[in-house]
Every structure is written in structure tokens, then in C-alpha cells.
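Asker: Dropping a structure here in C-alpha cells format, bear with me for questions.
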Amino acid sequence: MSEVIIFELGWVLLFATITGIIAVRLKVPPVIGLLIAGMLIGPNVLKLVATGSINSFSEIGAVLLLFMIGVEFSVTKLLSTGLSAIISSILRVLVRFLIIHQVAILLGFDPLASLFIAAMFSISSTAIMVKIIEQKKLSYRPEI
């Protein structure tokens with residue numbers, strides 16, 4: 001069993017590296033290359049990685065992504081942007097959370113599951129946008 005997971009991890013790393021390099025050469029965000037890699041090796045196209053392994057790898061990836069953002073997070077830079085930027089950011093995340101929560105309930109999820117879905121989408125999209133902004137070197141602009 002562990003050999004299969006290691007073999008699948010090898011496929012994930014190989015395809016992620018190749019599509020990441022191609023994305024950089026095409027001057028698009030590497031996140032797009034990683035999404036394409038996931039589609040290719042997943043259970044719907046090449047079937048190189050099982051669904052259970054995908055779930056484990058995605059959890060590890062989300063934790064690492066949020067950890068990297070936390071490491072690079074600067075409270076002093078956040079406070080220097082001003083109160084209006086902080087309030088508008090909190091409101092955006094809150095509105096996104098509430099909308100996704102209501103959509104999940106309308107789709108038939110129970111209230112607890114819809115809370116988790118809303119939290120996952122409202123935080124993960126923000127984390128992905130932070131990485132894209134950093135990779136495009138836009139984080140040093142004064143308005144960001």
C-alpha cells in the first residue's frame with residue numbers, strides 16, 4: 001500500500017513540475033499549470049492517481065500553502081495599509097463566506113457541512129490569489 005502512495009506521489013510531483021515549468025514559460029500563473037496537472041493525472045483522464053490519494057495530497061497541499069502565506073505574512077505591513085483596507089478585506093471574505101454558505105444549503109448540504117464548504121472556499125480562493133499576486137510581483141505595488 002505505501003509503495004502505491006509513493007508511486008502516486010512521484011506522478012504528482014513529476015506532472016506538477018512539468019506543467020509548472022510550461023506555465024512559467026508561457027507566462028501564465030503556475031497555479032494554472034498545477035490545475036492542468038491535477039486534471040491530467042486524476043481519475044478522469046490518465047487515472048495515474050486514485051481518489052483517496054488525491055484527497056490526502058490536497059489536504060497536505062492546502063496546509064502547506066496556508067503555512068507559506070502565514071510565514072510571509074507581515075502584521076506591520078497590514079497595519080500600514082490602513083483601516084479601510086483591513087475592513088474591506090474582512091467584508092469581502094465575510095460576504096463570500098455567506099454567499100457560499102447559502103448556496104451550499106440550497107444545494108442540499110446540511111448546515112454544518114455548508115459551514116465547512118463556505119470556509120474552505122472563502123479562505124482557499126484568497127490564498128490562491130495571494131500566491132498569484134506574489135508570483136506576478138504585484139505585492140510590492142503601493143495599492144496592494
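The values are calculated or read from the model by the stated rules, or taken from the named source; none is laboratory data. Here the structure is a predicted model, which means the values were calculated and not measured. Cβ: placed from backbone, ideal geometry, glycine included. Neighbour counts: every protein chain shown. Each accessible area value is taken on the protein alone, full model and side chains, heavy atoms only, with ligands, DNA and RNA left out. Shrake-Rupley method; radii C 1.70, N 1.55, O 1.52, S 1.80 Å.
Asker: Test of understanding: among S84, S89, which residue is more than 14 Å from F121 (Cβ to Cβ), within 21 Å of the chain's Cα centre (by Cα), in a helix (DSSP H, G or I) and among the hydroxyl-bearing types (S, T, Y)?
Answerer: Working: S84 fails: within 21 Å of the chain's Cα centre (by Cα).
Just one listed residue meets the conditions, S89.
Asker: Can you work out which of the residues in the range 42-58 that are within 19 Å of the chain's Cα centre (by Cα) and β-branched (V, I, T) is nearest to K136 (Cα to Cα)?
Answerer: The selected residue is I54.
Asker: Residue check: is E134 open to solvent by 80 Å² or more (accessible area, probe 1.4 Å) and in contact (Cβ under 8 Å) with a residue 40 or more places away in the chain? I'd like the intermediate steps shown before the answer.
Answerer: Details: open to solvent by 80 Å² or more (accessible area, probe 1.4 Å): no; in contact (Cβ under 8 Å) with a residue 40 or more places away in the chain: yes.
Considered against the rule, which asks whether it is open to solvent by 80 Å² or more (accessible area, probe 1.4 Å) and in contact (Cβ under 8 Å) with a residue 40 or more places away in the chain, E134 comes out as no.
Asker: Continuing with the same structure: Going through S84, S139 one at a time, which residue ends up being of a type outside the set (A, V, I, L, M, F, W, C), open to solvent by 80 Å² or more (accessible area, probe 1.4 Å) and at pLDDT below 90? Let's see the steps before the verdict.
Answerer: Details: S139 fails: open to solvent by 80 Å² or more (accessible area, probe 1.4 Å).
The match here is S84.
Asker: Between residues in the range 1-18 that are without any contact (Cβ under 8 Å) to a residue 40 or more places away in the chain and residues that are assigned to a helix (DSSP H, G or I), which pairs lie under 7 Å by C-beta distance while being six or more apart or on different chains?
Answerer: Listed pairs, sorted by first residue: W11/I41; F15/A37; F15/L40; F15/I41; A16/L34; A16/A37.
Asker: Could you look through the range 37-51, keep only residues that are at pLDDT 85 or above and in a helix (DSSP H, G or I), and pick out the one that is most open to solvent (accessible area, probe 1.4 Å)?
Answerer: Residues of the range 37-51 at pLDDT 85 or above: 37-50.
Going one step further and asking which of them are in a helix (DSSP H, G or I), we end up with 37-41.
Numbers: A37: 5, G38: 41, M39: 119, L40: 62, I41: 12 Å².
Ranking the candidates gives M39 first.
Asker: Okay, moving on. I'm told F109 meets every condition in (1) at pLDDT 85 or above; (2) outside any loop (DSSP other than H, G, I, E, B) except one. Can you identify the failing condition by its number?
Answerer: The one condition F109 does not meet is (2).
Asker: Let me ask something else about it. Pull up the range 16-41, narrow it to residues that are more than 20 Å from A62 (Cβ to Cβ) and of a type outside the set (A, V, I, L, M), then point me to the one that is nearest to the chain's Cα centre (by Cα).
Answerer: Looking at residues that are more than 20 Å from A62 (Cβ to Cβ) and of a type outside the set (A, V, I, L, M), I get K27.
Asker: Right, next: Check S114, S124 and return the single one that is closer than 21 Å to V31 by Cβ, open to solvent by less than 80 Å² (accessible area, probe 1.4 Å) and either modelled with pLDDT of 85 or more or in a helix (DSSP H, G or I) (or both).
Answerer: Numbers: S114 fails: closer than 21 Å to V31 by Cβ.
It is S124.
Asker: Taking the condition open to solvent by 70 Å² or more (accessible area, probe 1.4 Å) and either part of a helix (DSSP H, G or I) or under 27 Å from K136 (Cα atoms) (or both), does K27 pass? Steps first, answer last, please.
Answerer: On the way: open to solvent by 70 Å² or more (accessible area, probe 1.4 Å): yes; either part of a helix (DSSP H, G or I) or under 27 Å from K136 (Cα atoms) (or both): yes.
Criteria met by K27.
Asker: Of the residues G108, G82, G20, G70, which is of a type outside the set (K, R) and farther than 30 Å from K137 by Cβ?
Answerer: Values: G82 fails: farther than 30 Å from K137 by Cβ; G20 fails: farther than 30 Å from K137 by Cβ; G70 fails: farther than 30 Å from K137 by Cβ.
Being of a type outside the set (K, R) and farther than 30 Å from K137 by Cβ holds for just one of G108, G82, G20, G70, which is G108.
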